[in-house]
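Down below is the structure, laid out as structure tokens.
Nothing in this text is a laboratory measurement; each read-out follows from the coordinates by a stated rule. These figures come from a predicted structure and were not determined experimentally. Positions of Cβ are generated from backbone atoms using ideal geometry, with glycine treated the same way; all protein chains shown enter the neighbour counts.
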Amino acid sequence: VFNFCAGPAMLPVEVMKKAQAEFVNWQDTGSSVMELSHRSKEFLVVAAKAEADLRDLMAIPENYSVLFCHGGGRGQFSAVPLNFLPAGKSADYIISGSWSKLAAIEAEHYGQVNAIDVTDKVNGQIQVLPSEEWRLNPNAAFVHYCPNETVDGIEIFDIPETHGVPLVADMSSTILSREIDVAKFGLIYAGAQKNIGPSGLTIVIVRNDLLGNAQLTTPAIMNYQVLAKSDSMYNTPPTYAWYLAGLVFEWLKERGGVKEISKINKQKAELLYGYIDESAFYKNHIEAKYRSLMNVPFWLTDDSFNDEFLKQAEAQGLMALQGHRMVGGMRASIYNAMPLAGITALVAFMKEFSAKNSK
Ligand code: PLP
């Protein structure tokens, strides 16, 4: 079975097998990792190793804290303005699709938001304005954007220049898929359920000089300074998800890290978009430069075939291809754990389906 779900998404099969083997009796402790105290010496080793491996994988500079939080991507939609948006300031929110829009709507509860729409439709193709043309406020508290829009399949590859204003990125569906320069960001956050591990766990990477300015009403469990000072153990962290994330980081390191996986990710995306473009039966309407490497939405030119397409795909073990309810059509999410063989199988099925149903 190949699971194309946008999240929670499939984890590497090697990780699942290791977790299964260790599930009941982890390292001869007689307990499962999920039964150990988060303050036990055994779990502290797991936690520190996972953080060290993530730091290594992303080359995270020392002046950044790495937090393992609860609350998912949407938790961060609130935490970011609560921590970074003081009264009297405003924040720039770049809108490039569904998730960045939702982030801006949530932030409006906590302060002044300046929403900047950067997409355009030209000849039926969605484009993103180059970041030099974004009308950023030089006095903003921060600039928030979403480099990869999971629902819409839009990816912004170049890191925007914000001239000293802290850049905040929702990397939920792009983290660890390609190399990025962490030093260009004030804060990066990501829900784990795509490229890292089980849902619930949320990773925050924050530059230390930005800590300590939270609004007074910020819940302590969302206060980055509190979390950083307590090594993400102010309250009980999602320990089992943290352990599984650690296994995924080890898996990725064994495969040559982000640099190597990004080559495979490119190959996978090229194969799928290449076929969609050459076929008259399927279409994608994002301009090539902004097409997501991780989430590939596509539409059947005749959508009366949608239900049959999904039914037959599932019968062949190609699962969860239905597009997001906001945009319809199909979507193949092809995160790090999806092998090239999954794309080959999908393209073969799409070809066969189109041949059978083209007039
Ligand atoms: N941001 C992005 C880019 C997402 O893809 C998602 C979920 O898919 C979220 C935020 C929301 O994450 P969560 O459901 O963990 O709150």
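Some observations on this one:
- Theoretical gain in end-to-end length, A348 to D56 [0.36 nm per residue, Cα-Cα removed]: 101.4 nm
- Separation of region 195-244 and region 99-117, taken as the distance between their Cα centroids, equals 21 angstrom.
- Note, ³J(HN,Hα) from phi for region 189-194, Karplus 6.51, -1.76, 1.60, rounded to Hz, x at Gly and Pro: 10, 7, x, 7, 6, 10
- Fewest-first ranking of E250, E314, E62, using other Cβ atoms within 10 Å as the exposure measure: E62, E314, E250
- Lysine pairs in region 268-359 with Cα atoms under 18 Å, if 8 or more residues apart or on separate chains: 9
- Considering all C-alpha pairs of the chain, those separated by over 27 Å amount to 48%.
- Amide H contacts for D117 (H built 1.01 Å from N in the peptide plane; partners 5 or more residues away or on another chain; cut-off under 5 Å): I95.
- Relative contact order for the chain: 24 percent, from Cα pairs under 8 Å spaced at least 6 residues apart, divided by residue count.
- The simple Förster model, with R0 at 25 Å and r as the Cβ-Cβ distance, assigns A280 and D158 a FRET efficiency of 0.20.
- Protection proxy ranking of 267-277, 182-192 - average other beta-carbon atoms within 10 Å, highest first: 182-192, 267-277
- Label separation (I221 vs D307): 4.2 nm, computed from points 7 Å beyond Cα along the C-beta direction.
- Residues whose amide H comes within less than 5 Å of that of I286, counting only those at least five positions distant or on another chain, are I126 (H built at 1.01 Å from N in the peptide plane).
- Cut-off under 5 Å, modelled amide H: who pairs with A332 long-range: V296, F298
- A simple spin-label model places the labels of A355 and K263 3.2 nm from each other, with each point 7 Å out along Cα-to-Cβ.
- Two-site FRET efficiency, N25 against H70, from Cβ-Cβ distance with R₀ of 30 Å, rounded to 0.05: 0.65
- Spatial separation of Cα centroids for region 302-359 and region 56-93, in angstrom: 35 Å
- Sorted by Cβ neighbour density within 10 Å, fewest at the top, the residues E133, E108: E133, E108
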